[in-house]
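A short worksheet on the structure shown next.
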Amino acid sequence: MSSEALKGKTALVSGASKGIGLACAQSLAADGANIVITARRAGELETARDRLRVANPDVRVEICQADACEEEQVKRALALAHEIPGKLGMLVSVVGEPVFQPILERDLQSVRRELDINFISAFLLIRHGAPLLGRGGSIACVSSISSVKSSYGLGVYGAAKAALERFVRAAAFELGGAGIRINAVRPGMTLPPERAETPEFAKMVAASVAATPLGRYGQPEDVARVVRFLVGPEAGWVTGQAFSADGGQEQD
């Protein structure tokens, strides 16, 4: 498709101040979509907006400081996106965060918070965003390889992402009659290079790379390209699916 494949449409990307979310926003903007990005931290949002505007001077880029787990804040972000001239046509739910802790060390409050971040955030965006899309709208949710492959300390995270993928299938069934598609992307180990090379992640990255058939860890752009395909016209006959973008990690 041309660089104007998404011209005249608006995309809202949650959790887009950095990482996969920002890469998704960039991929959509590069093909002509107007962009609204949300995140909790104003400073990071403003920096991300400035980067997107410099790289994509011909599209409109707006920010909305919002917690994706707070219903009224989600509605406010959607209202902003819906007001941009053209058509709100794409929603991308990227918000997610794992807690590396064994199940028997977890407390109820932290588990509920992890479920909120990794599942409820997507539910809220879909619940209040789908009615604004109209026929031809599309949604992508970022899941995780942990939804299908167990890792020590990621039991709750994996359960939350598994719930997300099952919800995507149910939403595809219910929204199909309105002409709205929804799919999920299942990344493996994905980090920007500046984080992957820090002492905090070095051992984990090395172990992941050793277990990855393609022999490297994923970068945000790897996932963003799959998201771009799924929300774009090229995937017009695809809905209710979860696609792995993991370098082959899911294979045993």
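What the table shows:
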item	result
Pair list, Cβ < 6 Å and 6+ apart or interchain, from region 233-252 residues that are farther than 15 Å from residue 169 by Cα to residues that are surrounded by fewer than 20 Cβ atoms within 10 Å (Cβ to Cβ) and of a type in the set (A, V, I, L, M)	247/214; 248/214
Residue in region 206-219 that is assigned to a helix (DSSP H, G or I), in contact with a strand residue (DSSP E or B) (Cβ under 8 Å, 6 or more places away or on another chain) and not acidic (Asp, Glu) present	no
Helices (runs of 4 or more DSSP H) enclosed by region 117-200 - at least 2 residues per element that are over 14 Å from the mean Cα position of the chain (by Cα) and modelled with pLDDT under 95	193-196
Matching residues, region 58-94, being in a loop (DSSP other than H, G, I, E, B) and hydrophobic (A, V, I, L, M, F, W, C)	59, 66, 68, 69, 84, 94
Residue list for region 19-43, filter: part of a loop (DSSP other than H, G, I, E, B) and either in contact with a Cys (Cβ under 9 Å, 6 or more places away or on another chain) or at negative phi (or both)	31, 33, 40, 41
Some residue of region 201-213 being out of contact with any Leu (no Cβ under 9 Å at 6 or more places or on another chain), crowded, with 16+ Cβ neighbours inside 10 Å and either under 28 Å from residue 6 (Cα atoms) or at pLDDT 95 or above (or both)	no
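The values are calculated or read from the model by the stated rules, or taken from the named source; none is laboratory data. Nothing here was measured: the structure is a model prediction, and the numbers come from that model. Cβ atoms come from the backbone with ideal geometry, glycine included; neighbour counts cover every protein chain shown.
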